[in-house]
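Participant: Would you mind keeping the following structure in view while I ask a few things?
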Amino acid sequence: MAQVEAEGAARLAEAEGRVARAQAELARRPERIVERCINEGDMQAAQAEAQRAFQSRSYAWYHLSALGLLHAELDGERCRCGKVRRSCPEAVLVDGVHGLRAWEARQVKEARAGHRHYLPDGHPALVDHRWLSTADPEYWLASQDGG
Ligand SMILES: [Zn+2]
């Protein structure tokens, strides 16, 4: 009986020792910190990917905007390239791009706030600081005021 109790006490002491070593190991390498580092790495990779996607999208808008400048309306009838506007394939293409004017309006706001923007050189908003996009609600307010 005493031998069984002694073996039990020895096993208990061994188990307690294992628990203590495991706790010390956890204290030296906390699992949560490792997990946080992995997530920060994933987060940075995702942010870098999002930034690349944003930039490539911005450059696509930039080129569409630049194409729009080459084929801008001159007098309501003619395109800057000399063709009748309705028969200029580039003007028809650019006019049909949904969201281009709204994108330009946002870029104008960024440019005027002194922030980075993607408007092409020579865009009327960069030349004339009173220029308003037709996609900007202020354009419609200004046109109602007779200005
Ligand atoms: Zn044209």
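The values are calculated or read from the model by the stated rules, or taken from the named source; none is laboratory data. Everything numeric in this text was worked out from a predicted model, so none of it was measured. Glycine also receives a Cβ, built like all others from the backbone with ideal geometry; neighbour counts cover every protein chain displayed.
Participant: Please verify whether residue 91 is touching a strand residue (DSSP E or B) at 6+ places or on another chain (Cβ under 9 Å), surrounded by 12 or more Cβ atoms within 10 Å (Cβ to Cβ) and within 18 Å of residue 134 (Cα to Cα), treating the condition exactly as stated.
Facilitator: For residue 91, the condition - touching a strand residue (DSSP E or B) at 6+ places or on another chain (Cβ under 9 Å), surrounded by 12 or more Cβ atoms within 10 Å (Cβ to Cβ) and within 18 Å of residue 134 (Cα to Cα) - is met.
Participant: Right, another one. Which ones in segment 44-71 are under 22 Å from residue 122 (Cβ atoms), small (Gly, Ala, Ser) and free of Cβ contacts under 8 Å to residues at least 40 places away in the same chain?
Facilitator: Hits for segment 44-71 are 60, 68.
Participant: Given the conditions (1) outside any helix (DSSP H, G or I); (2) under 23 Å from the mean Cα position of the chain (by Cα); (3) surrounded by fewer than 16 Cβ atoms within 10 Å (Cβ to Cβ), report the number of the one that residue 102 does not fulfil.
Facilitator: So the condition that residue 102 fails would be (1).
Quick grid of which residues meet (1) within 16 Å of the ligand (Cβ to nearest atom); (2) assigned to a strand (DSSP E or B); (3) at pLDDT 90 or above; (4) touching a Cys at 6+ places or on another chain (Cβ under 9 Å):
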| residue | (1), (2), (3), (4) |
| --- | --- |
| 56 | no, no, yes, no |
| 67 | yes, no, yes, no |
| 76 | yes, no, no, no |
| 81 | yes, no, yes, yes |
| 111 | no, no, yes, no |
| 117 | no, no, yes, no |
| 134 | no, no, no, no |
| 141 | no, no, no, no |
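Participant: Scan segment 68-114 for residues that are more than 17 Å from residue 139 (Cβ to Cβ) and basic (Lys, Arg) and jot them down.
Facilitator: Hits for segment 68-114 are 78, 80, 83, 85, 86.
Participant: Between a first residue in segment 78-107 that is of a type in the set (Phe, Trp, Tyr) and a second residue that is part of a helix (DSSP H, G or I) and modelled with pLDDT of 90 or more, which pairs have beta carbons less than 7 Å apart while being 6 or more apart in sequence or on different chains?
Facilitator: 103/61
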